[in-house]
Amino acid sequence: MKIFLLAVLLFVVGCSNGQEPEVEENVLEDLLGDWHGAIEVPDVPLNIQVSFEEDEDEEVIGFISIPAQGIDRYPLSDLEVDEEVVTFEMDIPGQFIEFTGELTESETFEGDFNQQGHTFDFKLERGLLAEEDDEEEINWLTVDTEFGPLQGELLEPEGEEAHTVALIISGSGPTDRNGNSPGMENDSLKMVAETLAEQNVASLRYSKRGAGENSEVTIPEEELAIEDLVEDAVKWLQKLDEKEQYDQLIIVGHSQGALIGSLAALQVDVDGLVSLAGAGRPMSEVLLDQLEGQLTGDLLEEAEMIIESLQEGEYVEEVSSELYSLFRPTVQPFLATWFTYNPTEIASSITVPTLIAQGTHDTQVFVEDAENLAEAYPNNDLVIVDGMNHVLKDSPSPNDMSSYADPSIPLSEELVEEINQFIERISP
């Protein structure tokens, strides 16, 4: 499970135990400059560029760019050199993302990329990434926030003018406007936008704070609450509502985005709501279900204790290393705010037409959740899509994760049909 949090910390270089740092200094000097290559994600290698340079204090700092995910010069952290081995991290709270590699005699830098327990090879060589062909011009809109402007892409259908516009809200984690997170490019939400455009519906989708085009618009981790994400959605709804060409405003929320969308719908009048893989219970219960499938023994007991403490508004200072990424003290305030909301209680107050879609091969949110939501929303269409997973694509089994990192796999055809029928039903 991915938890969305947003700190960007200073890059730190350290030498340990007071030993002579000559070897480390030589390695760091050899590391300086631009490197390009790829993380060998199965079937879809992810092109990256890493740059190392000296700051004004002559310390080595680093940045990573991932063009496919809109990440440009994201600061690296915790650079360490142990003899010939170099490690550094992408400090995206809620995610453990680490590179461990060595410089080779053939002037390459290669090793392992680790993300949340998944390991892939990476290989870099000196120089910059080749510039990709210019993409189609993007129609950007902007809303102002206390921590800087957020950008979003307005996609309008070709031809006839659209009278309905949808706000697409992504799920948890450092997710960009296309539905992608580091190492997992699937373009699921981009495909949702394109599906809407085929139905003559415009859409606005935006990257979460700390991701994609909004990678620098962050809130300190320990200060972030889920209400901040709701406020972002409200600002976008108000922005779209101001556009006179649209007669209808709808929300399409995926996973955590379904909860955020329903909370935003209580503050801004909308004409329809689409819940894609949205939880139908407090997130504390969903999270516990997920962890029960992954943990046993003392670790499961510890996770249960932490969740129970957060439900009561009490934070836990000591967390085991295995659970630290998910429950470290600075993320606990966010989780505590998330746990306070029961999606079914919110749903009972929303009377606009609602489409609830859930896949049977989803291992993060379950059919039970969709059924709970259907009982709560007064005006709903419930769709259970056989074989669909959490990224809205058909998969041969719940444990098959290939479509999480393959943008060539389309959305579930049944889901597309249901979205199209729902749009036709609510169209003016």
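Values as computed for the structure displayed
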{"item": "Matching entry among E222, E194 (being in contact (Cβ under 8 Å) with a residue 40 or more places away in the chain and of a type in the set (D, E))", "result": "E222"}
{"item": "Of all residues making up the stretch 214-227, the number that are part of a helix (DSSP H, G or I) and crowded, with 20+ Cβ neighbours inside 10 Å", "result": "3"}
{"item": "Residues of the stretch 32-55 that turn out to be more than 18 Å from G127 (Cα to Cα) and either touching a Leu at 6+ places or on another chain (Cβ under 8 Å) or modelled with pLDDT of 85 or more (or both), as a count", "result": "2"}
{"item": "When residues of the stretch 235-262 are limited to those that are assigned to a helix (DSSP H, G or I) and surrounded by fewer than 20 Cβ atoms within 10 Å (Cβ to Cβ), the one modelled with the lowest pLDDT", "result": "D241"}
{"item": "Tally of residues being modelled with pLDDT of 95 or more, in a strand (DSSP E or B) and open to solvent by less than 20 Å² (accessible area, probe 1.4 Å) across the stretch 154-183", "result": "7"}
{"item": "Qualifying residue in the stretch 102-112 (condition: of a type in the set (G, A, S) and either open to solvent by 70 Å² or more (accessible area, probe 1.4 Å) or not in a strand (DSSP E or B) (or both))", "result": "yes"}
{"item": "Close pairs (9 angstrom Cβ cut-off, 6 or more residues apart or separate chains): over 9 Å from G272 (Cα atoms) in the stretch 239-252, open to solvent by 20 Å² or more (accessible area, probe 1.4 Å) and not in a loop (DSSP other than H, G, I, E, B) anywhere", "result": "K239/L141; K239/T142; L240/L141"}
{"item": "Among residues of the stretch 304-317, those that are hydrophobic (A, V, I, L, M, F, W, C) and either in contact with a strand residue (DSSP E or B) (Cβ under 9 Å, 6 or more places away or on another chain) or modelled with pLDDT under 95 (or both), counted", "result": "0"}
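One line per residue, one yes/no per condition, for (1) in contact (Cβ under 8 Å) with a residue 24 or more places away in the chain; (2) open to solvent by less than 40 Å² (accessible area, probe 1.4 Å):
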position: Y341; (1), (2): yes, no
position: T344; (1), (2): yes, yes
position: S348; (1), (2): yes, no
position: I356; (1), (2): yes, yes
position: L382; (1), (2): yes, no
position: P396; (1), (2): no, no
position: A405; (1), (2): yes, yes
position: E413; (1), (2): no, no
position: F422; (1), (2): yes, yes
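The values are calculated or read from the model by the stated rules, or taken from the named source; none is laboratory data. The structure presented is a predicted model; accordingly, all values stated were derived computationally and were not measured. As a convention, Cβ positions derive from the backbone with ideal geometry for all residues, glycine included, and neighbour counts pool all protein chains shown. Accessible surface areas use protein heavy atoms only, side chains included; no ligands, DNA or RNA. Shrake-Rupley method; radii C 1.70, N 1.55, O 1.52, S 1.80 Å.
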